[in-house]
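**Q** What follows is a single structure, and I will ask about it in a moment.
What follows draws every value from the coordinates through simple rules; no lab data is involved. Every value quoted in this text rests on a predicted model; they were computed, and no experiment measured them. All Cβ positions, glycine included, derive from the backbone under ideal geometry; neighbour counts span all protein chains shown.
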Amino acid sequence: MAVQITPSILNADLSRLADEVARIPSADWVHVDVMDGHFVPNLTLGAPMFESLARHSSLPLDAHLMIEDPDRWAPAYVEAGAGSVTFHVEAAAAPVRLAREIRAQGARASMALKPATPVDPYEDLLGELDMLLLMTVEPGFGGQRFLDLCLPKIRRARELIDKHGLELWLQVDGGVSAETIERCAEAGADTFVAGSAVYSAEDPDAVVQQLRSLATAADG
């Protein structure tokens, strides 16, 4: 499938989120990190702020829930306007039921794995998902260095997706930049979250276009 670039607004100016999203018109999605201070040590915005952003964004939003008890809270983000909701398998009590509930409400269901969480035990769940997110840093903070040790897992996830003939997006999140995106694309990822690489630039949208070009060339 075509490469998709989904900038994370974690590194944007959080006091002007609607304006910051308007600076990346070439993006496919906006990646919104939701952290509760428990599942990860950081704390960010919740459903009311997400809903406000959704009303003012022309781009679809993916809510990345780095929170405890996503089974309880994920549906609220669909109601708040998320086009995609990503939950962590490490925190979900019933991931299949949760994915089906998210889909039933009309959003795309995505499951995230931390760097140390292997993908093979979840092979049978992949058909219940619209996207699989592989973290390439430890979740919780932006601006971390990409972990090359995650590349074999990206390759393995691509093998499993292709094995079952699934139309499943394979997303990577963490340390994605012009220096790392080609390795991710070559390993099989097709959807890329980039935060600091985009919003530290004077022209964020130019970076979005650059990343798309690099990943497309590497994938081709």
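**Q** Could you please report the charge total around LEU160, scoring K, R as +1 and D, E as -1 over all other residues with beta-carbon less than 12 angstrom from its beta-carbon? Before the final figure, lay out each step's value.
**A** Details: positive: LYS153, ARG155, ARG156, ARG158, LYS163; negative: ASP120, GLU123, ASP124, GLU159, ASP162.
Local charge sum for LEU160: 0.
**Q** Quick test of the membrane-span-like rule: which DSSP H helices of the chain reach at least 15 Å along their long axis (C-alpha atoms) with mean Kyte hydropathy at least 0.0?
**A** Values: long enough: 151-163 (18 Å, -0.88); 204-219 (22 Å, 0.10).
Correct list, ordered by number: 204-219.
**Q** Over the stretch 4-219, what relative contact order in percent results from Cα pairs under 8 Å that are six or more residues apart?
**A** Numbers: 449 pairs, mean separation 43.8, N = 216.
Value for the stretch 4-219: 20 percent.
**Q** Something else: What is the local net charge at ASP69, summed over the other residues whose Cβ is closer than 15 Å to its Cβ (Lys, Arg +1; Asp, Glu -1)?
**A** With Lys, Arg at +1 and Asp, Glu at -1, the net is -3.
**Q** Oh, and also: So what's the back-of-envelope 222 nm ellipticity for the chain, counting only DSSP H runs of four-plus at -39500 (n - 2.57) apiece and dividing by all residues, rounded to 500?
**A** Details: 8 runs with 75 residues, N = 220.
Rounded to the nearest 500, it is -10000 deg cm²/dmol.
**Q** Moving to a separate point now. Taking amide H positions as placed 1.01 Å from N in the peptide plane, with prolines and chain starts having none, which residues 5 or more places from LEU133, or on another chain, fall under 5 Å of its amide H?
**A** Sorted by chain and number, the residues that satisfy this are MET111, ALA112, LEU113, GLN171.
**Q** Where the centre of each part is set by its Cα atoms, how far does the stretch 168-184 sit from the stretch 49-121, in angstrom?
**A** So the two Cα centres are separated by 20 Å.
**Q** Still on this structure, please answer the following. Please give the peptides 12-19, 173-180 ranked by average Cβ packing (other Cβ atoms within 10 Å per residue), highest first, as a rough proxy for protection.
**A** Going by the mean number of other Cβ atoms within 10 Å, highest first, we get 173-180, 12-19.
**Q** Highest mean first, how do 59-70, 83-94 rank when packing is the count of other Cβ atoms within 10 Å averaged over residues?
**A** The most tightly packed comes first, giving 59-70, 83-94.
**Q** Here's another thing I want to ask about it. Which three extents, in angstrom, do the Cα atoms of the chain have along their principal axes, listed largest first?
**A** If we take the Cα atoms of the chain, the spans are 42, 39, 30 Å.
**Q** Right, another one. What is the set of long-range amide H partners of LEU45 at a cut-off below 5 Å, with H atoms built 1.01 Å from backbone N?
**A** Under 5 Å from the amide H of LEU45 lie the amide H atoms of MET35, each far enough along the sequence or on another chain.
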